[in-house]
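Below: one structure, written as structure tokens.
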Amino acid sequence: MNAGHQVLVFLNRRGFASTLLCHDCGWTAECKRCDARLTYHQQSACLCCHHCDYRQGVPATCDACGGGQLLYLGQGTQRGESTLEALFPDTPIIRIDRDSTRRKHAMSDYMAEINSGKPCILVGTQMLAKGHHLPHLGLVAILDVDQGLYSPDFRASERMGQLVIQVAGRAGRESRRGTTWIQTHRPDHAWLRQLLDEGYAAFARSLLDERRQANWPPFSRLALLRAQASSVERALAFLAQIPNYGSPPPDVHLLGPVPAPMTRRAGAHRAQLLLMATSPAPLHHYLDRLIPQLSTLPQRSGVRWSLDVDPQDLF
Ligand SMILES: [Zn+2]
Ligand SMILES: [Zn+2]
Ligand SMILES: [Zn+2]
């Protein structure tokens, strides 16, 4: 900023903080309809669920122990904005996320201010990862990339790598080399090191090798059968019947059923069965036989199911 450049602080999360936590007993504010924590929104002073849109007011005391020391944990964009405002009182801070750009023309107003080239700090999410032209950025700081290192989803590492490359690419577009800072608890993590030291192509080749060994796409084809019911046992029982029906061919493997990673969502209890095959043809032949049978299975009452072929996420 002293050199007259702009700074982008990139955060992969909306809201003021991800979690409301009780200092005394460790209770966190959770959605009553999903297995998910509520996100605090400062402007509307409410807790909301990003999975089902449930909203409630902020409690004054802990629901579990009645304690009064409730803390906000995690860095959402609104909290990042407040922190930066305190640290840089003379610098304009512009927050760009889905909440701040809801107003009509908000985005074009922000872009006009940014393109004027005056030093400022942008705080943004995914919306700023690509698309908009940001020629005056000198520094990009990416906060907390660690979700991408620990997610159970086999695509999370790939997405993390793409995001880091995209966001880092925002710095120093015009004739000037930019700087990127990455915040992580694991600066020694092999994926991250390779991405930074050898670049995206080498990183992608390593991920491909791992996928080949684990037989994940693109070396196999997946279909995800999701079921939801009033209890996870019912959803699991429905899916558990499937291996016994229509005898899957040897080149189609059934993994599960297991409870979905977010078992409860919008009040429904969810389970899933993953079907994996080395090539599309046997998978599709099996699915063609299986689908008509699903509506005749004995334990199907009260169960809703859906089939996702080539699922992009496993949740
Ligand atoms: Zn929200
Ligand atoms: Zn919810
Ligand atoms: Zn408590």
Could you calculate, for the range 1-125, the ratio of the Cα radius of gyration to the Kirkwood radius, expressed as Rg to Rh?
1.05
So for the range 18-73, what percent of the C-alpha to C-alpha distances run longer than 15 Å?
41 percent
So who's got an amide H within less than 5 Å of the one on Cys46, skipping anything under 5 residues away but keeping other chains? H placed 1.01 Å off N, in plane.
His41
With a cut-off of 8 Å between alpha carbons and a minimum separation of six or more residues, what is the relative contact order of the chain in percent?
17 percent
Per GNM of the chain with C-alpha springs under 10 angstrom, the most fluctuating residue out of Ile291, Ile142, Ile182 is Ile291
Residues with amide H under 5 Å from that of Ala260, placed H, sequence gap 5 or more
Arg270, Ala271, Gln272
Hey, if you put +1 on the Cβ of every Lys and Arg and -1 on every Asp and Glu Cβ in the chain, which of Phe154, Val123, Leu275 ends up farthest toward the positive end of that dipole?
Leu275
Can you give the translational diffusion coefficient of the range 171-282 in µm²/s, computed by Stokes-Einstein from the Kirkwood radius over Cα pairs at 20 °C and 1.002 mPa s?
122 µm²/s
Calculate how steeply helix 106-115 sits against the longest principal axis of the alpha-carbon atoms of the chain, using the helix alpha-carbon long axis, and give the answer as 0 to 90 degrees to the nearest 10.
50 degrees
Heavy-atom accessible area of Phe219 with all protein chains present, probe 1.4 Å, nearest 10 Å²?
60 Å²
Using the Karplus curve 6.51 cos²θ - 1.76 cosθ + 1.60 with θ = phi - 60°, what ³J(HN,Hα) values do you get for each residue of the range 31-48, in whole Hz, with x for Gly and Pro?
5, 6, 10, 10, 7, 8, 7, 7, 9, 7, 10, 5, 5, 8, 6, 9, 9, 9
To make sure I understand the rule: partners must be lysines, Cα under 23 Å from the Cα of Lys118, and not fewer than 8 residues away in the same chain. Which ones qualify?
Lys130
Given the options Gly131, Gly267, Gly178, which has the most mean-square fluctuation in a GNM of the chain, springs set between C-alpha atoms less than 10 angstrom apart?
Gly131
Could you compute Rg(Cα) / (2.2 N^0.38 Å) for the chain, with N its residue count?
1.19
Compute, for Val309, the solvent-accessible surface of its heavy atoms (probe 1.4 Å) with the complete set of protein chains present, and express it in square angstrom to the nearest 10.
60 Å²
Running a GNM on the chain with Cα contacts under 10 Å, which residue among Gly256, Gly80, Gly148 ends up with the highest mean-square fluctuation?
Gly256
Taking the square root of 5λ for each eigenvalue of the C-alpha gyration tensor of the range 221-309, the equivalent ellipsoid has semi-axes, largest first and in whole angstrom, of 22, 14, 10
Once the Cα atoms of helix 77-87 and of the chain are each reduced to a long axis, what angle between those two axes, in degrees from 0 to 90 to the nearest 10, is obtained?
20 degrees
Hey, can you grab everything whose amide H is under 5 Å from the amide H of Asp24? Only 5+ residues off in sequence or another chain; H modelled, so Pro and N-termini drop out.
Gln69
Per the beta carbon screen (other Cys under 4.7 Å), unpartnered cysteines of the chain come out as Cys46, Cys48, Cys52, Cys120
Answer in debye to the nearest 20: the dipole magnitude of the chain about its Cα centre, from +1 Lys/Arg and -1 Asp/Glu charges placed on Cβ, is 640 debye
Classify the range 263-315: rounded, prolate or oblate, from the alpha-carbon gyration tensor (a ≥ b ≥ c, eigenvalue square roots; a/c under 1.5 rounded; otherwise prolate if a/b is larger than b/c)?
oblate
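The values are calculated or read from the model by the stated rules, or taken from the named source; none is laboratory data. Everything numeric in this text was worked out from a predicted model, so none of it was measured. All Cβ positions, glycine included, derive from the backbone under ideal geometry; neighbour counts span all protein chains shown. Calculation scope for accessible area: heavy atoms of the full protein, side chains included, ligands and nucleic acids excluded. Shrake-Rupley method; radii C 1.70, N 1.55, O 1.52, S 1.80 Å.
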